[in-house]
Amino acid sequence: MATYKVKIGIIGGSGLDDPQNEIFNMHKVITREEAKNDFGLPSSDLYYGTLNRVDVILLSRHGSGHKISPTAVNYRANIEALRLAKCTHILASAACGSLQESISKGQLVVPNSFIDKTIKRNTTFYDGTSSEYSGVCHMPMEPAFNPETSKILFEVAKDLGYEIRNGGTVVVIEGPHFSSKAESNALRLWGGDLVGMTTCPEVYLAKEAGLLYTVIAMATDYDCWRDCEDNVHAADVVAVFKQNVSKVTNLLLKAIEVIGERNWDNEINTLKALCHSSNVSS
């Protein structure tokens, strides 16, 4: 018998962040509630429901109608709300630009590392804001994303016949503007495979909160480094994501079912122990 009951938080990014989206309507939403916590209000209400017999909580990263810019997202309130709701996992979607010829528009990627170029965001819970997070925490970020959950996303996508890349580095920029051509080429030289605006600080905060976090990214454009391609434009990003959103929806639905069938006690306890040992004030 598992100690922890699986409950999965889904953070919907660009193109998957509206409560009218199919994934919100696949099954009856049981409850919807505001979830203010020590870090303020999350980007949206929390939508509680079940998908494939697994408890899920849906949260729109940019709010209903995509009204919150990447920098203005209250990442800490979002992650804390999911922790307080007793989530064990977070599956986050992200629209990204491709920095590699081998990653085409509409292709899915399960990243395994990141480069953080953001400069204006709260990147830790441990700053004295909340009594829930006292002390100073130096959290290791390798592996950046939960390997077992990432493996499930990749294997499920392959079973569904989707083109997906296992592993890759996502470079997270501050935004809300896209990169210049020189910046885009520099990110490629750094070893970036994707460029996005939201994975950091989500990935830090989820780990500090003891939640098994992974991202399913979709390449929607080639940023502006590719001479034979039109430069990235926001309307095109949303259009490409919406054209392929059924892939992400189907992948999440099946992955949730597979995750719900497993016992995650070892992974959760290992992460909780890491959180404790990484707090030098404990």
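The values are calculated or read from the model by the stated rules, or taken from the named source; none is laboratory data. Because the structure is predicted, anything quoted here is derived from the model rather than measured. Cβ sites come from the backbone with ideal geometry, for glycine too, and all protein chains shown count toward neighbours. With ligands, DNA and RNA removed, areas are computed over all heavy atoms of the protein, side chains included. Shrake-Rupley method; radii C 1.70, N 1.55, O 1.52, S 1.80 Å.
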Worksheet item: How do the pairs read when you match residues in region 150-167 that are among the polar types (S, T, N, Q) with residues anywhere that are part of a strand (DSSP E or B), using Cβ under 7 Å and keeping only pairs 6 or more apart or on different chains?
Response: 150/110; 150/214; 166/110
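Could you grab me the full set of residues in region 1-32 that are modelled with pLDDT of 75 or more and either aliphatic (A, V, I, L, M) or surrounded by fewer than 20 Cβ atoms within 10 Å (Cβ to Cβ) (or both)? Quick ask: steps written out before the conclusion?
At the first step, the residues of region 1-32 found to be modelled with pLDDT of 75 or more are 1-12.
Hits for region 1-32 are 1, 2, 3, 4, 5, 6, 7, 8, 10, 11.
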Worksheet, complete the sentence: Result of the Cβ filter at 6 Å on region 250-265, keeping first residues that are open to solvent by 10 Å² or more (accessible area, probe 1.4 Å) and partners that are of a type in the set (Gly, Ala, Ser), at least 6 apart or interchain, is 263/2; 265/2
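So that you can scan it fast, the table gives a plain yes or no per residue for (1) open to solvent by 40 Å² or more (accessible area, probe 1.4 Å); (2) among the charged types (D, E, K, R):
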position	(1), (2)
185	yes, no
188	yes, yes
192	no, no
197	no, no
202	no, yes
210	no, no
215	no, no
225	no, no
234	yes, no
Worksheet item: Out of 160, 212, 205, which single residue is within 14 Å of the chain's Cα centre (by Cα) and more than 20 Å from residue 118 (Cβ to Cβ)?
Response: 212
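Just to check your reading of the model, which residue among 63, 49 is over 16 Å from residue 172 (Cβ atoms), outside any helix (DSSP H, G or I) and within 16 Å of the chain's Cα centre (by Cα)?
Values: 49 fails: within 16 Å of the chain's Cα centre (by Cα).
None of the others qualify; the one that does is 63.
For residue 272, are the conditions met, namely being open to solvent by 60 Å² or more (accessible area, probe 1.4 Å) and touching a helix residue (DSSP H, G or I) at 6+ places or on another chain (Cβ under 8 Å)?
Details: open to solvent by 60 Å² or more (accessible area, probe 1.4 Å): yes; touching a helix residue (DSSP H, G or I) at 6+ places or on another chain (Cβ under 8 Å): no.
Answer is no for this residue.
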Item to complete: With the condition kept exactly as written, say whether any residue in region 108-126 is in contact with a Cys (Cβ under 6 Å, 6 or more places away or on another chain) and over 21 Å from residue 221 (Cα atoms).
Response: yes
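Show me the helices (runs of 4 or more DSSP H) entirely contained within region 168-282 in which 2 or more residues are over 16 Å from residue 94 (Cβ atoms) and not acidic (Asp, Glu).
Numbers: elements: 181-189, 199-208, 234-260, 265-277.
Answer list for region 168-282: 181-189, 234-260, 265-277.
Is it the case that region 107-116 has a residue that's more than 29 Å from residue 210 (Cα to Cα) and either in contact (Cβ under 8 Å) with a residue 12 or more places away in the chain or open to solvent by 30 Å² or more (accessible area, probe 1.4 Å) (or both)? Talk me through it step by step, then tell me what you get.
Taking region 107-116 and keeping what is more than 29 Å from residue 210 (Cα to Cα), we get 107.
Okay, now just the ones that are also either in contact (Cβ under 8 Å) with a residue 12 or more places away in the chain or open to solvent by 30 Å² or more (accessible area, probe 1.4 Å) (or both), so 107.
Yes, region 107-116 contains a residue that is more than 29 Å from residue 210 (Cα to Cα) and either in contact (Cβ under 8 Å) with a residue 12 or more places away in the chain or open to solvent by 30 Å² or more (accessible area, probe 1.4 Å) (or both).
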Worksheet, complete the sentence: Residues of region 78-101 being modelled with pLDDT under 95 and either part of a helix (DSSP H, G or I) or surrounded by fewer than 21 Cβ atoms within 10 Å (Cβ to Cβ) (or both), in sequence order, are 101
